Amino acid sequence: MSEYPNHVPTVPNCSPRSAIVSLTPVALARKLLVLGLLGLGISTAIVQPAAAGTVLDRVLKTGVLNAGARQAAVPFGYLEADGTWSGYSLDLLNLIRDRLERRIDRPIQLQLELVTVADRFKRVRSGELAIVCGATSITAPRLEFTNFSVPFFVTGTQFLLLTENIDSFDFQGTLTGVSIAYIPGTTTDRTIRQVYPGANWHPVSNRPEAMELLIRHDIRAIASDGILLTGETRRPEHGEFDFVLAPSQPMTTEMYGCILPQDDPAWKTLVDSAIASEANRQLQSDWFNPDTGRYPYPWHIWQAD
């Protein structure tokens with residue numbers, strides 16, 4: 001059993017494959033936050049936004065902050081049982097809106113738009129949206145065409161299994177012939193499938209689809225970011241099942257950041273300051289504290305202290 005009683009149990013990480021992570025997630029996030037490397041706006045591409053002016057200019061003119069989030073990435077953006085759009089990302093966007101209101105000394109309407117994995121970047125690049133917050137990993141290739149805030153969460157790829165199957169799932173081996181679900185086009189797809197090429201990789205469109213396959217025993221495991229798998233296990237319809245995450249230390253380092261337009265340093269500075277604020281630390285504790293959070297997740301993975 002995990003030392004944190006409220007979140008999904010994990011299996012100790014004894015695999016040499018964990019060497020994929022060159023630094024612990026917390027250490028890597030801390031290094032980026034302290035050095036402010038993302039604040040340099042490093043990019044090799046020249047991208048001109050379609051909408052003229054900066055985000056602050058547009059908000060001053062319209063009184064509206066256009067922002068995006070998802071509805072299929074529990075616990076960052078999802079629909080409650082009653083249809084209410086909820087998630088940590090929405091709370092963070094409201095916090096950013098509040099900070100923006102103080103900056104320009106006027107009320108601001110937060111206009112939330114639904115985005116998908118396929119359109120989230122282009123809608124920021126076009127100027128339609130000023131920001132998208134969610135489960136989006138900061139990567140070097142993505143920094144060639146967009147900008148990011150400093151990281152607000154750190155997680156990584158893990159396997160989710162039914163507890164009854166963990167003894168026969170040898171993640172320290174090759175997993176040859178083992179059926180594992182994954183979402184194509186994700187960082188898990190590009191990394192973990194190369195580590196276990198002999199596994200029987202089963203593409204799915206989203207994690208709820210993968211959960212159905214897992215519960216029906218059509219697959220043995222799901223490979224995805226640990227926090228997103230944790231979110232799925234806490235849906236009411238999965239309450240009767242026992243799940244386990246393996247290994248306990250994620251096999252990759254995924255730093256989530258808000259997608260921002262390039263060449264808008266004033267807007268990035270404001271967003272970064274909101275993420276670094278004590279108010280956001282409280283939000284994160286409310287959502288992810290391993291003892292009391294709505295979606296408990298181990299401190300040693302996600303907290304960049």
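The values are calculated or read from the model by the stated rules, or taken from the named source; none is laboratory data. The model shown is predicted, which means the values in this text are computed figures rather than measured ones. Here the Cβ positions follow ideal geometry from the backbone for every residue, glycine too, while neighbour counts run over all protein chains shown.
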- Message: Criterion first (in a helix (DSSP H, G or I) and surrounded by fewer than 24 Cβ atoms within 10 Å (Cβ to Cβ)) does Pro208 satisfy it?
- Response: yes
- Task: Identify all residues within segment 52-79 that are in contact with a strand residue (DSSP E or B) (Cβ under 8 Å, 6 or more places away or on another chain) and without any contact (Cβ under 8 Å) to a residue 40 or more places away in the chain; write none if there are none.
- Result: Leu79
- Take the residues in segment 58-74 that are of a type in the set (Lys, Arg) and farther than 19 Å from Phe153 by Cα, then tell me which one is surrounded by the most Cβ atoms within 10 Å (Cβ to Cβ). Arg58
- Message: Among the residues in segment 124-134, are any over 26 Å from Leu60 (Cα atoms), in contact with a strand residue (DSSP E or B) (Cβ under 8 Å, 6 or more places away or on another chain) and either at pLDDT 95 or above or buried (at least 22 other Cβ atoms within 10 Å of the Cβ) (or both)?
- Response: no
- Message: Step by step: first the residues of segment 232-285, then only those that are in a helix (DSSP H, G or I) and without any contact (Cβ under 8 Å) to a residue 24 or more places away in the chain, then the one that is surrounded by the fewest Cβ atoms within 10 Å (Cβ to Cβ). Which residue is that?
- Response: Glu278
- Query: Take the residues of segment 179-223 that are hydroxyl-bearing (Ser, Thr, Tyr) and out of contact with any Lys or Arg (no Cβ under 7 Å at 6 or more places or on another chain): which is modelled with the highest pLDDT?
  - Reply: Tyr196
- Return a yes/no flag: does segment 83-104 have any residue that is of a type in the set (Val, Ile, Thr), in a loop (DSSP other than H, G, I, E, B) and either within 20 Å of Gly226 (Cβ to Cβ) or in contact with a helix residue (DSSP H, G or I) (Cβ under 8 Å, 6 or more places away or on another chain) (or both). no
- Task: Taking Ile227 as meeting all but one of (1) free of Cβ contacts under 8 Å to residues at least 24 places away in the same chain; (2) not assigned by TED's automatic domain parsing to the domain that holds Asp264, write down the number of the exception.
- Result: (1)
- Message: Just to check your reading of the model, which residue among Gln158, Gln172 is surrounded by 19 or more Cβ atoms within 10 Å (Cβ to Cβ), at negative phi and polar (S, T, N, Q)?
- Response: Gln158
- Item | Search result, residues across segment 169-193 that are touching a residue at least 24 places away in the same chain (Cβ under 8 Å) and among the hydroxyl-bearing types (Ser, Thr, Tyr) | Thr174, Ser179, Tyr182, Thr186, Thr187, Thr188, Thr191
- Which listed residue is surrounded by fewer than 16 Cβ atoms within 10 Å (Cβ to Cβ), at pLDDT below 55, over 20 Å from the mean Cα position of the chain (by Cα) and at negative phi, from Ala52, Ala19, Ala27, Ala81: Ala19
- Here the residues within segment 108-119 that are in contact (Cβ under 8 Å) with a residue 24 or more places away in the chain and either surrounded by 20 or more Cβ atoms within 10 Å (Cβ to Cβ) or assigned to a loop (DSSP other than H, G, I, E, B) (or both) are Ile108, Val115, Thr116, Val117
